[in-house]
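Encoded as C-alpha cells, the structure appears first; notes follow it.
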Amino acid sequence: MEKTVLITGATAGFGEACARTFAKENWRLIITGRRGDRLTKLQNELEALYQSEVHCLNFDVRNEKEVNNAIEQLQPEWKNIDVLINNAGLAVGKGAFDEGLSDDWNRMIDTNVKGLMYVTKALLPYLKNSSAAHIVNIGSIAGKEVYPGGNVYCASKHAVDALTKAMRIDLLPYGIKVSQIAPGAAETEFSLVRFKGDEEKAKSVYQGFEALKAEDIAETVWFVVSRPDHVCLNDIIIMPKAQANSSTLLKK
C-alpha cells in the first residue's frame with residue numbers, strides 16, 4: 001500500500017523540495033500552505049512529472065480553527081497519513097531584543113511553535129492508526145545556539161527542539177517516530193522574509209560561500225524517513241561546509 005505524507009509550508013523552500021523528493025519516491029502527498037496558487041501549480045507539476053496523487057490544503061498554520069477544519073474535512077481515502085513533515089516556519093526581523101517589534105515576535109511564535117503544535121495535534125488520531133508513523137520537525141541551528149540578533153527566532157526554534165524531545169517521549173507508546181532536522185545557512189526565501197522583501201539585504205546573507213540548498217534538506221528528510229522500522233534518527237544538524245556554528249562563517 002502506498003504511503004502518505006503531509007507537508008506543511010510546501011509552497012517554497014524545504015517544503016517544496018520535500019514534496020518533489022517524496023513524489024519521486026511514489027508517495028501520496030498532502031501539501032499545505034497559505035498560497036493556494038503555488039500549491040495548485042506544484043500539484044500540477046508533480047502529477048505531470050511523477051503521476052503522483054497530490055491533495056492540496058490551503059490554510060494558515062497559525063489559525064487553529066483553520067487547521068482543524070482542513071484536517072477534519074479530508075476525505076476518508078486521504079486520512080491514512082503515515083508521515084508529517086512540520087516545515088512551516090519563518091524568521092521576521094533581526095536585531096537587538098530591545099528594538100524588536102511585537103508583531104514580528106508574534107508571527108514567529110505563532111508560526112514556528114503554535115502552528116507546529118496545532119498541526120501535530122490535529123493529525124495524531126490518524127498517525128496513531130499508521131504502522132509506520134513518523135513526525136519530522138524542521139528545526140534550525142538557531143534551536144541549538146543563540147546568535148546576535150536572533151533572540152525570539154532562536155527562542156522559537158529552541159521550543160521546536162524541546163517539543164521534538166517531548167513528542168518522542170509522549171508518543172513512544174504509539175510507536176510514532178519523532179525526528180528533527182536542524183539546518184544551518186540555507187539559501188531559500190528565508191532571508192527575504194526575514195528582511196521583509198529587501199532583496200539586496202537577503203542576497204548579501206549568502207554571498208562569499210556555498211549555502212545549503214533546499215534539496216539538501218529534502219534528501220536528509222527522505223533519508224530519515226526511509227530508515228528501517230526499528231531505526232529512528234532523533235536529531236540531525238546539517239550545515240554548509242563553510243559554517244562552523246550559528247555565527248561563524250568562512251566567506252571568500
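Checking residue 43 against (1) under 16 Å from residue 87 (Cβ atoms); (2) modelled with pLDDT of 95 or more: exactly one of these is not met. Which one?
(1)
Here is a check on your reading of the model: is residue 91 buried (at least 21 other Cβ atoms within 10 Å of the Cβ) and in a loop (DSSP other than H, G, I, E, B)?
yes
Quickly run through the stretch 20-39 and pick out the residues that are over 18 Å from residue 75 (Cβ atoms) and among the β-branched types (Val, Ile, Thr).
Scanning the stretch 20-39 gives a single hit, 21.
Given the conditions (1) modelled with pLDDT under 95; (2) within 14 Å of residue 5 (Cβ to Cβ), and given that residue 36 satisfies all but one, which numbered condition is not satisfied?
(2)
Quick check on the stretch 170-177. Is at least one of its residues over 16 Å from residue 237 (Cβ atoms), modelled with pLDDT of 95 or more and under 17 Å from the mean Cα position of the chain (by Cα)?
yes
Got a sec? Which of 155, 133 is more than 14 Å from the chain's Cα centre (by Cα), over 27 Å from residue 4 (Cα atoms) and surrounded by 17 or more Cβ atoms within 10 Å (Cβ to Cβ)?
Among 155, 133, only 155 is more than 14 Å from the chain's Cα centre (by Cα), over 27 Å from residue 4 (Cα atoms) and surrounded by 17 or more Cβ atoms within 10 Å (Cβ to Cβ).
Under the condition of being of a type in the set (D, E, K, R) and loosely packed, with under 11 Cβ neighbours inside 10 Å, which residue from the stretch 199-252 is nearest to residue 92 (Cα to Cα)?
Result: 199.
So which residues in the stretch 1-51 are in a loop (DSSP other than H, G, I, E, B), among the acidic types (Asp, Glu) and in contact (Cβ under 8 Å) with a residue 60 or more places away in the chain, if there are any at all?
25
The values are calculated or read from the model by the stated rules, or taken from the named source; none is laboratory data. Just so it is clear, the structure is predicted and the values come from calculations on it, not from any experiment. In this analysis, Cβ positions are derived from the backbone assuming ideal geometry, glycine residues included, and neighbour counts consider all displayed protein chains.
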